[in-house]
Amino acid sequence: MSSVRRLMTSMTNSLSLKHGLSLWCPQFAALNRIPRSSSIGFGNFPRSYVVASSAFANENREFVIVGGGNAAGYAARSFVEQGMADGKLCIVCKEAVAPYERPALTKAYLFPPDKKPARLPGFHTCVGSGGERQTADWYKENGIEMLYEDPVTGVDIEKQTLTTSSGKLLKYGSLIIATGCTAVRFPEKIGGNLSGVHYIRDVADADSLIQSLGRAQKVVVVGGGYIGMEVAAAAAGWKLDTTVIFPGSHLMPRLFTPSLAHRYEELYQQNGIKFMKGVAIENIEASSDGRVTAVKLQNGSRIEADTVIVGIGAKPAVSAFESVGLNNTVGGIQVDGHFRTNVPGVLAIGDVAAFPLKMYDRIARVEHVGHARQSGRHCVNALLSGKTDLYDYLPHFYSRVFEYEGSTRKVWWQFYGDNVGEPIEIGKFDPKIITFWIDSGKLKGVLLESGSPEEFELLPKLARSQPPVDKAKLQSASSVEEALQIAQSSLQV
């Protein structure tokens, strides 16, 4: 097996996937259960405060958040709400802009110029959840120090100091790690860094891709997960010759059933998008000036391309924080139900946190905007108020594609729960379709495409309650509406 196929296959089978920007979806059944005999309770410890000294007189911060993504933005909001931000909070990030809602980068941000694309400052946090738009001015007005384009390169947990790429030395009282993930890249030796090859993790990446799409003719998208599906749909809006390639047998194998994936594939094909399944890349070819010209596959075929987007997964950005304590099974930094690490005064939230998934009794690392938002707020509220409720996250994933002007079919699906057990599919996709996962007679997960607001609101209630259902009765439902009525009635038993 070649190194490229191993890379793509390992990401297909990885335990924590991005929705991506990415938005990815983990098959939670693959994650480790928490052994009853090895609880990860860390106990209570007092918050550590900074004691000023001449050496750090100008660099003391009571609270420091490392990272400038969704989780950081929502954590900052909680600090402000509790009156603990002004003059006390510092956010250190590698980007040049204030935190924003990252899911937009592979959705509306990639729309063609004539189809009303999203742009900053329109989607700074916390607009994604109906909150205030936190622009750079918002942070200034609330007394939050922002250190842009100066990522942390190291931490000394004994001295409670951080070192940044510019050489700054920052002393913290409490540290919240919210560094998110980095894209898995193809090796340079097979063309992974060629001009015209793109990875999407931040707004600068998306801006670079938009420039390429503006002059592109033939696009190849590598990966059949969240990133691949969303970027391919956006490319169709530019009316470009688009091919999606991936090693699996169907799209989104960790969430979609083969039947459901087939229906989405048909929709994409109706929009002019082609698929090559069960294939792996040999290398990316380039012209004499170093720009992409084609993608060569291991089966010997060759796909012409002037733009290549690689969406084969992500990995937690934890290299600077290995001393804090990593989880080698699901990746990321091990935390308890309040996002505390085993180092007093150090916490981790969002994509990098390996946390107890309470309702399923196992450790998980979730790369999704919903978890980023909730974990940021929960962590800060627990830190500042002594809140004792453990984080109780219900896995939730969604995607919205083909939403640009002129699209014949706008797609919006939502999933809640755990995709374990037997899937039961009801509906004809047009106008809507639903899939239930039934395990040991109980409803464990549910995915709905093109539901009404009321129907979508029912999904988390079903997934969290895990009611017993009559499988035969559910299978006999003639419509999505009838199936949901059957499921809803089981909540009242």
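The values are calculated or read from the model by the stated rules, or taken from the named source; none is laboratory data. Here the structure is a predicted model, which means the values were calculated and not measured. All Cβ positions, glycine included, derive from the backbone under ideal geometry; neighbour counts span all protein chains shown.
Side notes on the structure shown:
- The single condition among (1) buried (at least 20 other Cβ atoms within 10 Å of the Cβ); (2) under 24 Å from the mean Cα position of the chain (by Cα) that LEU162 does not meet is (2).
- Hits in the range 414-433 - residues which are outside any loop (DSSP other than H, G, I, E, B), closer than 16 Å to LEU267 by Cβ and in contact with a Leu (Cβ under 8 Å, 6 or more places away or on another chain): GLU425, ILE433
- Some residue of the range 474-488 being acidic (Asp, Glu), surrounded by fewer than 16 Cβ atoms within 10 Å (Cβ to Cβ) and within 24 Å of TYR393 (Cα to Cα): no
- The residues on offer are GLY73, GLY43, GLY83, and the sole one that is part of a loop (DSSP other than H, G, I, E, B) and modelled with pLDDT of 95 or more is GLY83.
- Residue check, GLN414 at pLDDT 95 or above and under 26 Å from VAL231 (Cβ atoms): yes
- Filter result (part of a strand (DSSP E or B), touching a Ser or Thr at 6+ places or on another chain (Cβ under 7 Å) and not assigned by TED's automatic domain parsing to the domain that holds GLU367) within the range 168-204: HIS198
- Here GLY376 fulfils each of the conditions (1) in contact (Cβ under 8 Å) with a residue 40 or more places away in the chain; (2) more than 17 Å from the chain's Cα centre (by Cα); (3) outside any strand (DSSP E or B) apart from (2).
- Neighbours by Cβ (under 9 Å, 6+ apart or cross-chain): first from the range 426-443, outside the structural domain of ARG464 (by TED's automatic domain parsing); second acidic (Asp, Glu): none
- Residue match in the range 250-266 (condition: over 22 Å from GLY417 (Cβ atoms), out of contact with any Cys (no Cβ under 8 Å at 6 or more places or on another chain) and among the hydrophobic types (A, V, I, L, M, F, W, C)): no
- Top-ranked residue of the range 444-463 - restricted to ones that are assigned to a helix (DSSP H, G or I) and without any contact (Cβ under 8 Å) to a residue 24 or more places away in the chain, ranked as surrounded by the most Cβ atoms within 10 Å (Cβ to Cβ): GLU457
One line per residue, one yes/no per condition, for (1) buried (at least 17 other Cβ atoms within 10 Å of the Cβ); (2) more than 27 Å from the chain's Cα centre (by Cα); (3) without any contact (Cβ under 8 Å) to a residue 60 or more places away in the chain:
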| residue | (1), (2), (3) |
| --- | --- |
| GLY228 | yes, no, no |
| THR243 | yes, no, no |
| PHE246 | yes, no, no |
| SER249 | no, no, yes |
| ARG254 | yes, no, no |
| ILE273 | yes, no, yes |
| ALA280 | yes, no, no |
| ARG302 | no, yes, yes |
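- Figure legend. Inter-residue proximity from the range 333-346: first residues under 15 Å from GLN374 (Cα atoms), second residues modelled with pLDDT of 95 or more and of a type in the set (D, E, K, R), beta-carbon distance below 9 Å, spacing 6+ or different chains. Indicated pairs: GLY337/LYS358; GLY337/ASP392.
- Number of residues in the range 145-167 that are in a strand (DSSP E or B), in contact (Cβ under 8 Å) with a residue 12 or more places away in the chain and over 22 Å from PHE79 (Cβ atoms): the value is 2.
- Within the range 356-369, the presence of a residue that is among the hydrophobic types (A, V, I, L, M, F, W, C), outside the structural domain of GLU230 (by TED's automatic domain parsing), touching a residue at least 40 places away in the same chain (Cβ under 8 Å) and touching a Cys at 6+ places or on another chain (Cβ under 8 Å) is excluded.
Residue by residue, here is whether (1) hydrophobic (A, V, I, L, M, F, W, C); (2) within 23 Å of ALA108 (Cβ to Cβ) holds:
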{"site": "GLN211", "(1), (2)": "no, yes"}
{"site": "ALA235", "(1), (2)": "yes, yes"}
{"site": "LEU240", "(1), (2)": "yes, yes"}
{"site": "ILE245", "(1), (2)": "yes, no"}
{"site": "SER249", "(1), (2)": "no, no"}
{"site": "TYR264", "(1), (2)": "no, yes"}
{"site": "LEU267", "(1), (2)": "yes, yes"}
{"site": "ASN271", "(1), (2)": "no, yes"}
{"site": "ILE281", "(1), (2)": "yes, no"}
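- Scan of the range 127-144 for residues that are free of Cβ contacts under 8 Å to residues at least 60 places away in the same chain and either in a helix (DSSP H, G or I) or on the phi > 0 side of the Ramachandran plot (or both), ordered by number: VAL127, GLY130, ALA136, ASP137, TRP138, LYS140, GLU141, GLY143
- Of the criteria (1) more than 15 Å from the chain's Cα centre (by Cα); (2) closer than 25 Å to TYR100 by Cα; (3) in a helix (DSSP H, G or I); (4) without any contact (Cβ under 8 Å) to a residue 40 or more places away in the chain, which one PHE321 fails: (4)
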